[in-house]
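Participant: One structure coming up, written as structure tokens, with questions to follow.
Just so it is clear, none of the values below were taken in a lab; they were calculated from the coordinates. Not measured: the values here are computed from a predicted model. Note: ideal-geometry Cβ built from the backbone for every residue, glycine included; neighbour counts use all protein chains shown.
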Amino acid sequence: DARVTQTPRDKVTEMGQEVTMRCQPILGHNTVFWYRQTMMQGLELLAYFRNRAPLDDSGMPKDRFSAEMPDATLATLKIQPSEPRDSAVYFCASGWGLFYGYTFGSGTRLTVV
Amino acid sequence: AQSVTQPDIHITVSEGASLELRCNYSYGATPYLFWYVQSPGQGLQLLLKYFSGDTLVQGIKGFEAEFKRSQSSFNLRKPSVHWSDAAEYFCAVAQGGSEKLVFGKGTKLTVNP
């Protein structure tokens, strides 16, 4: 089965450090999402792209977060500087559109100490 | 703003028993509705979705859900639960005209032998 690949699987970093999370969407999928999951807030949409163009990043703290798609096979989510409150599991998902459903990766568990 | 409510944080059932997980949404128009399942340490997997038409939808793994407009509900059911169904279940709704999914906080299912 095709899958969305996220790296790293786990990341522990110190407050103030830069963190980059990567996502390889399923080949051919034209829509990519970044979600964050915490116990308190649940699943929150951070940003999403269609055909590599950002469509909505209103859920993302702009001062420290950035999301890009350098090419169709790679999406990145960067946090600089990281803070303890950024500790969460970050999921990437890709698909062809809402009707077809989206495939989620296994997530990156980020711990900022 | 629309929202999704899953009233039950945790449900425990015996293997072989029937299951119903509740989901209520608040949205003016007919929403697009989804159920996802998340196993520990994994991403979310789409179980089923409702866009229009027959209000009883069938999904994977023997799950079904019924859309009830009058109750603003989209409850997930399974006639006989298997131990492998133990996981966390998320109801989600798509905003009209948008690809963005708004998730409920999830219901954790425990299956007793």
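Participant: In percent, what relative contact order does chain B have, based on Cα pairs under 8 Å that are 6 or more apart in sequence?
Facilitator: Once normalised by length, the contact order is 37 percent.
Participant: So for the protein assembly as shown, taking the charge dipole from beta-carbon charges (+1 Lys/Arg, -1 Asp/Glu), which of A:Val4, B:Phe51, B:Gly16 sits furthest toward the positive end?
Facilitator: Of the candidates, B:Phe51 comes out farthest on the positive side.
Participant: In cubic angstrom, how much convex hull volume per residue do the alpha carbon atoms of the range B:3-112 span?
Facilitator: Here the figure is 95 Å³ per residue.
Participant: Quick one: which residues, 5+ away or cross-chain, put their amide H under 5 Å from the amide H of B:Tyr32? H built at 1.01 Å from N.
Facilitator: HN-HN under 5 Å from B:Tyr32: B:Ala94.
Participant: A further question on this structure: At a 10 angstrom cut-off on C-beta neighbours, averaged per residue, how do the peptides A:101-110, B:2-11 rank from highest to lowest?
Facilitator: Ranked from most to least packed, the peptides come out as A:101-110, B:2-11.
Participant: Give me the inter-chain shielding for B:40-47: mean count of other chain Cβ atoms within 10 Å, whole number please.
Facilitator: Neighbouring Cβ atoms belonging to other protein chains average 6 per residue here.
Participant: Turning to a different aspect of this structure: Total Lys pairs in chain B closer than 20 Å by alpha-carbon, pairs eight or more apart in sequence or interchain only?
Facilitator: Counting lysine pairs in chain B gives 10.
Participant: Hey, got a sec? Which trypsin sites (Lys or Arg not before Pro) in the range A:1-38 land in a DSSP loop and have at most 12 other Cβ atoms within 10 Å?
Facilitator: Qualifying residues, ordered by number: A:Arg9.
Participant: Next question, about the same structure. Long-range amide H contacts for A:Thr5: which residues qualify at under 5 Å (H placed 1.01 Å from N, peptide plane, sequence gap of 5 or more or a different chain)?
Facilitator: Result for A:Thr5 returns A:Gln24.
Participant: How many partner chain Cβ atoms sit within 10 Å of a residue's Cβ in peptide B:100-110, on average, as a whole number?
Facilitator: 3
Participant: With +1 on each Lys and Arg Cβ and -1 on each Asp and Glu Cβ, and nothing else charged, work out how big the dipole of the protein assembly as shown is about its Cα centre, in Debye to the nearest 20.
Facilitator: Dipole magnitude for the protein assembly as shown comes out near 120 debye.
Participant: Another question about this same structure. Defining a contact as two alpha carbons under 8 Å apart and six or more residues distant in sequence, what relative contact order in percent does the range A:5-112 show?
Facilitator: 37
Participant: Looking only at other chains, what is the average number of their beta-carbon atoms within 10 angstrom of each beta-carbon in A:86-99?
Facilitator: If you average over the peptide's residues, the count of other-chain Cβ atoms is 2.
Participant: Then there's this: Per residue of the range B:29-40, in order, report the coupling 6.51 cos²θ - 1.76 cosθ + 1.60 (Karplus, θ = phi - 60°) as ³J(HN,Hα) in whole Hz, putting x for Gly and Pro.
Facilitator: Along the range B:29-40, the couplings run 9, 5, x, 8, 10, 9, 10, 10, 10, 10, 7, x Hz.
Participant: Can you list the residues, at least 5 places off or on another chain, whose amide H is less than 5 Å from the amide H of B:Cys23, using H built in the peptide plane?
Facilitator: Distant-sequence amide H within range of B:Cys23: B:Phe74, B:Asn75, B:Leu76.
Participant: A further question on this structure: Using a 10 Å cut-off on Cβ atoms, rank the peptides B:74-81, A:58-65 from the highest mean neighbour count down.
Facilitator: With the highest mean Cβ count within 10 Å placed first, the list reads B:74-81, A:58-65.
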